[in-house]
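FYI, it's all coordinate maths here, none of it is from the lab. The structure displayed is predicted, hence computed values, not measured ones. Cβ atoms come from the backbone with ideal geometry, glycine included; neighbour counts cover every protein chain shown.
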Amino acid sequence: MTTLAWPGDKGVAFYLGLNLEHFTPGKPAISVFPRTAGLDPDVLNQGWRDYGARAGIWRIVESLDRRGVPVTALVNAATCLEHPEIVRAGVERGWAWVAHGWDNSTLLSDLPPEEEAGHLREAVETIARATGSRPRGWLGPALTQTHRTPALLAGLGLEYVLDWCNDDRPYWLDTPGLLSVPFTVEVNDLTLFVLRGHSGPELVRVVEDQVDQLRREGGGRVMALALHPFVTGQAFRQRYLDEALDHLLGLDDVWVTTADEIAAAYAARCPAPAPASPMPEKIGTIVPS
């Protein structure tokens, strides 16, 4: 494998993925208290998720502003319509926008085949109108795809996807021109806090251990930190996010950037392979004499 270094000869690229999600009431969604998840209305879990858009997001934004951390916003199209104030705040700050589907209650795997192309197009175009820039990257709701999704995304002009958390380095997918940029289901507040019940200090330890190991390995590794405002935006977790960010920002061999910039830098250093040439048509058959 070719040795890769990021701009400034950095061995590791880091980006913060801030999930800006909308959950449609009455549809299945991530829940903190499963017993009420099937109720309609499910006041407990819906309120827990809504906290992110009402309060948690601004606590996180304030922390990122103080530190000058670039943001990769993983945004549902529905969030652009339901919470335009969040999108405006991101536009003012120059966030990079990754299309994250229509909402986080509609999985691509649940769509009828004949509806998927229109669904993807509407999501991308809604986000483009709201943010003033067409997304270059994609993250499926709950990281879902169908066998048709990559080609449909490439047809819409998307340059990279975050769905495949199967490497520490970017790589080109079989779909021509479509790049996989590493995301994370491990260094992810939903996994750490909600699914595994980790504490704030454990978040700091996970972030430190992850980046320190990747720094030892170098060679163009990518580290993502995935945050959800309704999880990390809770007041009692803020100090631990601050500690984790301060550790990352204090490392002079880590490129703190966005997923857009990582994709562009990789494509410049490791261009997409040329599409395989089609086999020539058989003109005739040679019959041995």
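Can you compute the modelled spin-label distance between F236 and W164, with each label point 7 Å from Cα toward Cβ, in nm?
Spacing of the two 7 Å Cα→Cβ label points: 4.1 nm.
Counting only Cα, what are the radius of gyration and maximum Cα-Cα distance Dmax of segment 16-92, in Å?
13.8, 41
Relative to the longest principal axis of the C-alpha atoms of the chain, give the angle of the C-alpha long axis of helix 57-67, reported between 0 and 90° and rounded to the nearest 10°.
Compared with the principal axis, the helix lies near 80 degrees.
Roughly what angle does helix 113-131 make with the longest principal axis of the chain, taking Cα atoms, 0 to 90 degrees, to the nearest 10?
60
Once both labels are modelled 7 Å past Cα along the beta-carbon direction, what's the D252-D212 spacing in nm?
Roughly 2.0 nm, to one decimal.
If you stretched the chain out fully between V32 and A151, how much longer would it get, using 0.36 nm times the residue separation minus the C-alpha to C-alpha distance?
Details: separation 119, 0.36 × 119 = 42.84 nm, distance 3.51 nm.
Fully extending the segment from V32 to A151 adds 39.3 nm.
Mean separation of Cα pairs under 8 Å and 6+ residues apart, divided by the residue count of the chain: what relative contact order is that in percent?
Values: 489 pairs, mean separation 80.8, N = 289.
Computed over the chain, the figure is 28 percent.
Write down, largest first, the equivalent ellipsoid semi-axes of segment 91-135 in whole Å, where each equals the square root of 5 times an eigenvalue of the alpha-carbon gyration tensor. Could you put the intermediate results ahead of the total?
Numbers: eigenvalues 110, 23, 8 Å².
Taking √(5λ) for each eigenvalue gives 23, 11, 6 Å, largest first.
Quick check: the angle from helix 84-93's long axis to the longest principal axis of the chain, C-alpha only, nearest 10 degrees?
That helix lies at roughly 70 degrees to the long axis.
Would you calculate, for the chain, the mean residue ellipticity at 222 nm contributed by helices, counting each DSSP H stretch of 4 or more residues as -39,500 (n - 2.57) and dividing by all residues, to the nearest 500? Before the final figure, lay out each step's value.
Values: 9 runs with 103 residues, N = 289.
Here the helix-only value at 222 nm equals -11000 deg cm²/dmol.
So who's got an amide H within less than 5 Å of the one on D253, skipping anything under 5 residues away but keeping other chains? H placed 1.01 Å off N, in plane.
none
Between R269 and D50, what length comes free when the chain is fully extended (0.36 nm per residue of separation minus the Cα-Cα distance, one decimal in nm)? Walk me through the numbers before you get to the answer.
Values: separation 219, 0.36 × 219 = 78.84 nm, distance 4.13 nm.
Taking R269 through D50 to full extension adds about 74.7 nm, to one decimal.
Quick check on the chain: of the DSSP beta bridges with both residues there, what percent are antiparallel, nearest 5%? Working shown, then result.
On the way: 3 of 30 bridges.
Approximately 10 percent, going by the DSSP bridge assignments.
What translational diffusion coefficient, to the nearest whole µm²/s, does segment 12-269 have by Stokes-Einstein, given a Kirkwood radius computed over alpha-carbon pairs, a temperature of 37 °C and 0.692 mPa s viscosity? Don't jump to the answer; show the numbers that get you there.
Details: Rh = 18.5 Å.
Rounded to a whole number, D works out at 177 µm²/s.
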